[in-house]
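Structure first, then comments.
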Amino acid sequence: MGRNSRRRPTGPRRATFAAFALMLGGGGLVAANVYASATEDSSGTDAQTRSAAAATIDCPDVGNKLTDVPEKARGDVDKELGSLDQQVAEAYRQLQAATPEQRQDSGYTDEHVMKPLKEKRSETLDRIGNAMDQAGQRPDGLGSMAGCSMRTWQNGGQDAGASPSGQPQDQGGQQNGGQDGGQQNGGGQQGGNGGQGGNGPVAADFVDITKVAPNVPAKPQNSGNASTGSFSVDCGVNANKNFNSDNVIAAPGVTNGAHHTHDYVGNQKINAFSSNDNFLQGGTSCDNKNDLSAYYWPVVRLQDGTQEFDQNNDGGGKEGNVGKILTPVQAQIKYVGNPQSKVVAMPQFLRIITGDAKTTTNGLANANAHWSCTGFEDKVQLTEQYPLCPQGSKVVRTFAFQSCWDGRNIDSANHRTHDAFADPKSGACPNGFEAIPQLTERLVYDIPTPTIENGQVKNAYAVDSFPEQLHKPATDHNDFISITTGGLANKIADCINSGRDCGTGSGDDQGSGGGATQQPSEQPTDQPSQDPTNQPSEQPTAQPTEGQTTPPAGDDNGNQGNDGSGKGHGHDGSGKGNAGGSDDQTAQPTASQTQQQSDDAPTMSSTTNPRVYASAKASKSAAAGADQGGSGSDDNNGDGSVQAQGTGGSTSVVGNQAEPQGGDLAETGTTLWPAAAGTVLLIGGLFLLTRTRRRY
């Protein structure tokens, strides 16, 4: 039989070729989409950030070194210290904005980030030196603190580098090895410094509290002269969303001196321009209207990707503090006694800062952060990690302030040397110091437990921090200014010395009378304050005389819940998590311890005309402090959330109304359309091939 040379019809051949082309094209699109999805960072972090090592800028803390500044120079020095913080924040933002290649290029970072930063710091340090020189006391060694270094963590440890000045990079021991090693493992996958804003936290900043060995030490034993009473006050949870990013203690007269947002309870008119002259005009959120004290702390945010009101503001999204601001479900404030002695009344306008907002670069010497979970407070307290709490348990922050006072000063140049912690074993104050009522605070938050997957933390929470401090748990801190009327300071001391439990919830709600200047507790504000009308007048207010009245006895302080700070601090101060209050004194922690808005929008004070006057000399007269006023307010409503932006953003003073971030659905469609198109092409090709084969 002869060979059949008849050619196949042209139509079937073309149809077959077309079918195979469709199938190949569709398969290619699907494969490409699968590969992209597999390599995409699940946290949504920018690709530039993902490929970078965890890094920050480490500069000497000049303010912490200046232990003795002449009062005449205090205002100028405070202003310049605020400038140093601003310079570091700007340099860190510049580092974050660079490409991964630029960040890893020592020549680029040296030339464009570190050298300009050193030059600015040198000029600022010269001005500090000149101000102190004119006051007759120029310090030595200021120039040596101009140089900063890049600090990075990689491959399970911290890599040494060099600062622009050639100084070796500080590898300090403040970063616990396990934490940083794990952090970098997580950081490399998660995006350099991790976090929604690109500056933390990372997976190694969290630990399952059920897997941590008990670490709460025994409390000091009471002597026969112990002051065993307590005094509680209820100042609310900042439901009226009173906050700002100032810090009248550490940076008086400097707008955005904290570079992170604070919750405020108690005195309602605290900002950078408040002062001893107008503290008494602020009103209070406390139930005891004689307590005008200022209690403020960094907010906690849930990094869930939604947009908070301060997304484009200083102290907020512009500085990497992003996410949904959370309101505590409880904020318990109590004063307790000393296990070795009676206490003296707190002097008017005494300032105390507990903890260190810069432990990431300073080390843990002044750290006083305590994180735990309800049900675990008497067993585990964490300093260097956030707890992952089991179901039904809430996150707890506890603070026990320094409880020993030098008897003379209401503040000091570095805000530390005028007060001290009691001995952790005996509870006794250092020589030259006397015991004062110890302020303890317990903040409870209802936070969804983050999850750790493939070295990445999802749905993380973190405390607000300076941008270069990477939202580390150890940076948690708390601030307090004692401001009282009606002899309340003496009443608190008398109650504690007599061994009674007084104040809120007790039979003795002493000193709760109000005055004409007091404002209603937790009153919502419809409009953010943007103008100078918020600032208190400069007219000095006469200081009330503290009386010696002894109040009637009470039986219960009413602040229930276990506190167990691990330092004996908190509401029960026992470190044993007992409900109610006790008399324990907390010892100092050790380094090894681990524009229009809606009615519910937060208020934020505007401090657009900085003036600086600071005086720390202690006297019971109204002599010192910072010139400040306006409504310091904090958002604890937790109704908005922030989209991560480590840099950029507008300079809106007030910020936008909190609303969900748009674009999620669009981004999902953008991610999935290649796979969908590829699937359609693949199915079309198979269909065409099947039809062709059946027909021919």
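The values are calculated or read from the model by the stated rules, or taken from the named source; none is laboratory data. Bear in mind the structure is a predicted one, so any value in this text is a computation, not a measurement. As a convention, Cβ positions derive from the backbone with ideal geometry for all residues, glycine included, and neighbour counts pool all protein chains shown. For the accessible areas, the whole protein counts, side chains as well, though only heavy atoms, and no ligand, DNA or RNA atoms are used. Shrake-Rupley method; radii C 1.70, N 1.55, O 1.52, S 1.80 Å.
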With the condition kept exactly as written, say whether any residue in the range 57-68 is closer than 15 Å to residue 125 by Cβ, of a type in the set (Val, Ile, Thr) and modelled with pLDDT of 95 or more.
yes
Among the residues of the range 260-268, is any open to solvent by 10 Å² or more (accessible area, probe 1.4 Å) and either in a loop (DSSP other than H, G, I, E, B) or in contact with a Pro (Cβ under 7 Å, 6 or more places away or on another chain) (or both)?
yes
Select the helices (runs of 4 or more DSSP H) contained entirely in the range 58-116, then report the ones holding at least 2 residues which are within 25 Å of the chain's Cα centre (by Cα).
62-65, 74-97
Would a scan of the range 315-338 turn up a residue that is part of a loop (DSSP other than H, G, I, E, B), open to solvent by 10 Å² or more (accessible area, probe 1.4 Å) and farther than 26 Å from residue 286 by Cα?
no
Considering only residues of the range 438-472 that are within 18 Å of residue 85 (Cα to Cα) and hydrophobic (A, V, I, L, M, F, W, C), which is nearest to the chain's Cα centre (by Cα)?
466
When you scan the range 366-380, how many residues do you find that are in a loop (DSSP other than H, G, I, E, B) and within 18 Å of the chain's Cα centre (by Cα)?
5
Say whether the condition of being modelled with pLDDT of 95 or more and more than 25 Å from residue 336 (Cβ to Cβ) is met by at least one residue in the range 396-407.
no
How many of the residues making up the range 276-307 are open to solvent by 10 Å² or more (accessible area, probe 1.4 Å) and either among the hydrophobic types (A, V, I, L, M, F, W, C) or at negative phi (or both)?
11
Check 408, 416 and return the single one that is open to solvent by 10 Å² or more (accessible area, probe 1.4 Å) and touching a helix residue (DSSP H, G or I) at 6+ places or on another chain (Cβ under 8 Å).
416
What strands (runs of 3 or more DSSP E) lie completely within the range 403-507 and have 3 or more residues being out of contact with any Gly (no Cβ under 7 Å at 6 or more places or on another chain)?
438-445, 451-453, 477-481
Restricting attention to the range 275-314, report how many residues are assigned to a loop (DSSP other than H, G, I, E, B), in contact with a Leu (Cβ under 9 Å, 6 or more places away or on another chain) and of a type outside the set (Gly, Ala, Ser).
5
Qualifying residues in the range 456-493 (those that are of a type in the set (Ser, Thr, Tyr) and open to solvent by less than 10 Å² (accessible area, probe 1.4 Å)) - the one farthest from residue 304 (Cα to Cα)
484
Residues (hydroxyl-bearing (Ser, Thr, Tyr), at pLDDT below 90 and over 21 Å from residue 470 (Cα atoms)) located in the range 112-167:
165
Hits in the range 432-447 (condition: open to solvent by 10 Å² or more (accessible area, probe 1.4 Å) and either within 11 Å of residue 402 (Cβ to Cβ) or hydroxyl-bearing (Ser, Thr, Tyr) (or both))
433
Of the conditions (1) more than 30 Å from residue 91 (Cβ to Cβ); (2) out of contact with any Ser or Thr (no Cβ under 7 Å at 6 or more places or on another chain), the single one that residue 339 does not satisfy is (2)
